[in-house]
Structure formats: structure tokens, C-alpha cells
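The values are calculated or read from the model by the stated rules, or taken from the named source; none is laboratory data. This structure is a prediction, so every number in the text was calculated from the model and none was measured. When we count neighbours, we look across all protein chains shown, and the Cβ atoms used for this are built from the backbone with ideal geometry, even at glycine. Just so you know, the surface numbers come from the protein's heavy atoms only, side chains and all, with ligands and any DNA or RNA stripped out. Shrake-Rupley method; radii C 1.70, N 1.55, O 1.52, S 1.80 Å.
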Amino acid sequence: MSRTLHLALHPYGVGGPGQHGLWKDPRVAKNASIDISYYIRQAQAAEHALFDALFIVDSQFINATYPAHYLNRLEPLTLLSAVATHTRHVGLVGTASSTYNSPFNLARRFASLDHISGGRAGWNVVTSFDTGTSRNFGLPWRPGRRHDRGSGPAPRAGDLRGGPRLRPQPRAPRPFLRRLRLQRARPGRAVPGRGTPRREGRPDRRRQARAKAENLTLRQVAESLSEFRRSPFVGAPETVADTIGQWFAAGAFDGINLAFRTDQDLELFVDGVVPILQKRGLYRTEYPADTLRGNLGLPVPVNRWTRERLSANG
């Protein structure tokens with residue numbers, strides 16, 4: 001196949017979105033979120049399995065309703081700089097808010113990580129939708145502002161609720177991916193989710209369209225939203241590999257950002273699923289490059305100063 005599957009690892013620590021009670025699992029060290037050894041082990045396991053990147057999420061605000069571990073975790077770029085010295089190939093992607101970081105300081109910190117890691121730094125760009133974050137930085141926040149859907153700004157890029165959802169059918173995310181690829185290939189492209197039309201509608205409107213269409217009671221709506229939905233990517237190694245292969249072949253995704261509850265679950269995937277994907281020719285058997293850009297097959301952009309100098313010299 002001309003396409004190759006890409007994998008990244010998102011460590012949970014002692015919890016995260018959808019995993020608030022993970023710290024109760026006796027297999028999880030209670031200090032995992034602030035233990036650099038935990039992240040180094042995770043990164044080395046990902047590198048052993050030829051993953052593209054270690055992906056670190058972040059939050060800069062909690063209140064009384066948040067799980068305590070949301071802010072009780074290491075700052076991403078500090079964490080990744082330490083991990084960089086114990087790995088050689090895996091990319092190091094950190095979350096940082098464009099709202100609460102100055103461009104110069106942010107560029108300097110990521111450039112430092114890129115030099116330390118030998119070209120393996122990556123930035124997960126968010127704008128931060130936690131309203132309380134602004135107060136941490138001494139900035140005002142105006143709650144209660146409403147925007148007309150037709151004329152107001154689209155949801156912020158940092159609000160992941162506006163992104164695609166993986167559904168049991170592999171064809172579901174394909175329209176989103178087509179739009180994303182068209183945006184990526186277009187010069188001067190707009191950032192999806194900022195100033196671009198959203199034709200698929202908001203999740204709450206879809207839930208209303210479903211409640212009305214099926215004549216659901218309020219109780220039925222609540223039950224449908226809270227019911228357990230088994231992931232299609234669960235089962236024996238062959239089952240998981242089959243499902244990944246089906247979705248990949250259908251063009252539903254180019255890669256997956258994986259999260260595992262425990263180190264043992266990660267080991268099962270690395271030792272069980274990855275060899276099957278490699279045997280089927282879906283996944284690499286060695287790193288093609290030493291940099292994150294090279295492993296993702298991305299070209300190196302021409303430095304604008306070099307381009308201007310070359311143009312001036314004819």
C-alpha cells in the first residue's frame with residue numbers, strides 16, 4: 001500500500017478526559033502524573049513500537065468540580081525536554097495555548113525542545129476554552145456572550161468538542177477528513193473551526209433532531225446520552241488489528257492517537273497488535289528518519305530569509 005498507518009501515544013497518568021477515576025486502579029501508581037520515570041517508560045515503549053509521537057495534553061485551570069489530577073501534572077515542554085534525553089526517534093508533541101503564551105516565548109521554548117531532541121518537537125495548538133484560565137493570567141472574561149450562528153464566529157479551535165467523533169462505522173469521519181485535506185493543500189488556508197462554515201451542525205442540535213425524530217421522552221434522551229458504548233477497537237490482537245485495518249483502508253483516518261489505562265494495556269498493544277499490522281504491510285518496520293517531520297513524510301519548508309536572498313541573487 002502507498003499509505004502507511006501512523007500511531008501516537010497519549011499517556012493518561014492517573015486520569016484525564018473520560019478517565020477521572022483512573023487513580024483508583026491499583027495497577028496505576030498514584031504519582032504517575034508527576035513521575036518523569038512513568039513518561040520515560042511510556043515514550044520508550046512507544047519508540048520500541050515505532051510510534052510517531054508521544055502526545056502530552058494540558059490544562060491550566062481547575063475549580064472545585066474538576067478532578068484534582070487535572071492540574072497536578074507536569075508542564076508539557078519541561079516534561080518532553082526530559083523525555084528527549086532518553087529517546088532517539090519518537091516525536092515529542094506538547095499542548096500549549098496560543099491565547100496565554102506570547103509568540104516569541106512560545107517559539108523559543110519549542111525551538112529549544114527541537115534542538116534538545118534533534119528535530120522531534122511538535123506543537124498541539126489550542127486556544128483554551130476553560131473560562132477560568134483567563135483569571136489565572138489576570139485577564140478579564142466576559143461570560144454570557146452569545147453569537148448568532150449565522151454571523152458570529154465559529155467555535156474556538158481549542159474546543160475539541162467541535163471535532164470529529166469516531167463512530168462504529170468507518171465511513172463516518174470521511175467528510176471531515178476530505179475537508180481537512182483540502183484545507184491543508186490550499187495556499188493561505190483557513191484554520192478549520194475558525195472562520196470556516198460548519199455544515200454538520202452542533203452536537204446539541206443533532207441530539208434535539210434525534211429526540212424529535214424518534215419522539216423520545218426526557219428520560220430516554222438522558223439514558224441514550226449516558227449509556228455505555230463499546231469501542232470498536234476492543235478485543236483480541238487480531239480483532240483490534242482487523243478493525244484498524246478496515247478503518248484505515250476505508251480512508252476514515254491516517255493514524256490514531258492511542259491512550260491506554262495501564263502500562264500492561266500498552267504492552268499488549270505493542271507486543272500483540274503492532275506485529276500483526278507490520279505483517280500485513282500496514283505499519284512500518286523501522287523509522288524512515290530521525291526527525292518528526294521526516295517520519296510523518298512532511299517536507300522541510302524553505303526559510304523565508306533564504307528564499308528572499310536567493311530571489312535577490314537571481
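Details
- Taking other residues whose beta carbon is less than 10 angstrom from the beta carbon of residue 301, and scoring Lys, Arg as +1 and Asp, Glu as -1, yields +3.
- Surface composition of region 238-291: carbon plus sulfur atoms contribute 49% of the solvent-accessible area (1.4 Å probe, protein chains only, all chains present).
- Taking label positions 7 Å along the Cα-Cβ direction at both residue 285 and residue 246, the computed distance is 2.7 nm, reported to one decimal.
- Cβ-derived FRET efficiency at R0 22 Å, residue 24 paired with residue 225, nearest 0.05: 0.40
- Three-way shape call for region 1-126 based on the alpha-carbon gyration tensor, with the a/c threshold at 1.5: oblate
- Counted charge near residue 52, where neighbours are those whose Cβ lies closer than 15 Å (Asp, Glu -1; Lys, Arg +1): +1
- Only protein heavy atoms count here; on that basis, with a 1.4 Å probe, residue 214 has an accessible area of about 100 Å².
- Count Lys and Arg as plus one, Asp and Glu as minus one, and take only other residues whose Cβ is under 14 Å from that of residue 268; the net charge is then -3.
- Residue 305 paired with residue 139, simple spin-label distance in nm, labels 7 Å along Cα-to-beta-carbon: 2.9
- Annotation: peptides 7-14, 70-77, 295-302, ranked by per-residue average of other Cβ atoms within 10 Å with the highest first, follow the order 7-14, 70-77, 295-302.
- Cross-link partners for residue 212 among the lysines, with Cα-Cα distance under 19 Å and sequence neighbours closer than 8 places in the same chain left out, do not exist in this structure.
- Where a label projected 7 Å from the Cα of residue 262 along Cα→Cβ would reach, residues of region 1-37 with amide N under 14 Å: 22-30
- Heavy-atom accessible area order for 61, 137, largest first, 1.4 Å probe: 137, 61
- Expressed in Å, the radius of gyration and Dmax of the Cα atoms of region 207-301 are 19.1, 56.
- By average C-beta atoms within 10 angstrom, highest first, the peptides 79-92, 264-277, 97-110, 114-127: 79-92, 114-127, 264-277, 97-110
- From the alpha carbon centroid of region 250-314 to that of region 1-57 is 17 Å.
- A 1.4 Å probe run over the protein chains yields, for region 18-77, 49 Å² of accessible area per residue, whole-number rounding.
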